[in-house]
Amino acid sequence: MKKNFLEFLTMSLRKKRKAIFLFGMFILVISVTIFTACNVSSNLSPYSKGVLTVTFIDVGQGDSIFLAMDDETMLIDTGEKEYAYKVTQFIQEKDYDRIGVLVATHPHDDHIGGMAEIIRNFTIGKMYMPDVSHTTQTFINMMDAIENKNVSRHIPLQGENFKLGKATVTVLSAGLSNYSLNNTSIVLKVELDKYAFIFTGDVEFEAERDILSAKARFDISAYVLKISHHGSDTSTSDDFLDAVKPKIAVITVGKDNRYEHPDKEVIDKLSKKGIKTYLTSKKRNITIVTDGRKMEVITTK
Ligand SMILES: [Zn+2]
């Protein structure tokens, strides 16, 4: 070191300048590398560019899931009517006034209760719903709101897909109506490179079997699985879980709900398979962000 310093002192001015210049360049390269590395990790913050942000909004006993990638948005269900203000506020706070795709998975109140209000509050690109109707006032209100605002409706088919930013959304199930209203739920897989989510609505074993039978046509594995039907024992068969192979499960459920969801059997099954499980009743809003290479779960509690 001492020798190097002596060499430096005895160098010609031109050589000194060159050494200082090279040292400066070295520092610059290191700084740029560190800055870029920091920036990559901060890119995973919710709603930043190139990031898919998925929030399971806490709407008590019900579903409402907001997805955004760049300027494109999708809302899967709204929860009961009483939560429409909360869902509205959540989306508006993120600076969105348009919902590109609004999905009414199936016509039960805990999924479409707030639809009429959401349709009134936002510009809706397109509405996805199964080919079933219901006799409830909630359903009538939703249909009236659709008509009043002239929202375009789409009844999807199994296997069709569309884009949400850079993510691909595939319809795994839609309108399987021979069994129960729950089984008519639209099931969606949303995939961004390495990471995928499956949103199941309230499908039961019959629809899960139907999805499994289509396995040859689609890859049904996903890193994150929204557990169907609030963790009820009507759903989440071993076969389905083994095919999806999720690492993370989310259960949308109200605290102390009258259905006693989630079922202990389902919880035990998930824990035995080593699947990290988040409940909206415990964590409130659950946000998952991914850029397709990394994923992060953010909870408020
Ligand atoms: Zn439900």
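What are the residues in the stretch 113-133 that are more than 25 Å from residue 178 (Cβ to Cβ) and away from the ligand (no atom under 16 Å from the Cβ), if any?
116, 117, 118, 119, 120, 121, 122, 123, 124, 125, 126
Just to be sure I understand, how many residues within the stretch 156-175 are outside any strand (DSSP E or B) and surrounded by fewer than 24 Cβ atoms within 10 Å (Cβ to Cβ)?
As a first pass, look at the stretch 156-175 and keep what is outside any strand (DSSP E or B): 156-160, 165-166, 174-175.
Narrowing the set further to residues that are surrounded by fewer than 24 Cβ atoms within 10 Å (Cβ to Cβ) leaves 156-160, 165-166, 175.
Matching residues across the stretch 156-175 total 8.
Given (1) away from the ligand (no atom under 16 Å from the Cβ); (2) in the same structural domain as residue 167 (by TED's automatic domain parsing), where does residue 110 come up short, assuming only one miss?
Result: residue 110 passes all but (1).
Looking at (1) within 16 Å of the ligand (Cβ to nearest atom); (2) in contact (Cβ under 8 Å) with a residue 60 or more places away in the chain; (3) in contact with a Ser or Thr (Cβ under 8 Å, 6 or more places away or on another chain), which one does residue 139 not meet, given that it meets all the others?
Single failed check for residue 139: (2).
Is it the case that the stretch 154-162 has a residue that's free of Cβ contacts under 8 Å to residues at least 60 places away in the same chain, in the same structural domain as residue 75 (by TED's automatic domain parsing) and within 16 Å of the ligand (Cβ to nearest atom)?
First pass over the stretch 154-162, keeping only residues free of Cβ contacts under 8 Å to residues at least 60 places away in the same chain: 154-161.
Now narrow it down to the ones that are in the same structural domain as residue 75 (by TED's automatic domain parsing): 154-161.
Filter once more, keeping what is within 16 Å of the ligand (Cβ to nearest atom): none.
Checking the stretch 154-162: not a single residue is free of Cβ contacts under 8 Å to residues at least 60 places away in the same chain, in the same structural domain as residue 75 (by TED's automatic domain parsing) and within 16 Å of the ligand (Cβ to nearest atom).
May I ask you to list the residues in the stretch 122-137 that are among the hydroxyl-bearing types (Ser, Thr, Tyr) and surrounded by fewer than 20 Cβ atoms within 10 Å (Cβ to Cβ)? So that I can check it myself, show each step before the final result.
Step one: of the stretch 122-137, the residues among the hydroxyl-bearing types (Ser, Thr, Tyr) are 123, 128, 133, 135-136.
Hits for the stretch 122-137 are 123, 133, 135, 136.
Filter the stretch 85-98 down to the residues that are in contact with a helix residue (DSSP H, G or I) (Cβ under 7 Å, 6 or more places away or on another chain) and either more than 16 Å from the ligand (Cβ to nearest atom) or closer than 16 Å to residue 149 by Cα (or both) and list them by number.
Of the stretch 85-98, the ones in contact with a helix residue (DSSP H, G or I) (Cβ under 7 Å, 6 or more places away or on another chain) are 87-88.
Hit for the stretch 85-98 is 88, nothing else.
Restricting to the stretch 226-240, give me the number of residues that are within 16 Å of the ligand (Cβ to nearest atom), within 20 Å of the chain's Cα centre (by Cα) and of a type outside the set (S, T, N, Q).
Adding up the residues that qualify gives 5.
The values are calculated or read from the model by the stated rules, or taken from the named source; none is laboratory data. Keep in mind it's a predicted model, so treat the numbers as computed, not measured. Cβ sites come from the backbone with ideal geometry, for glycine too, and all protein chains shown count toward neighbours.
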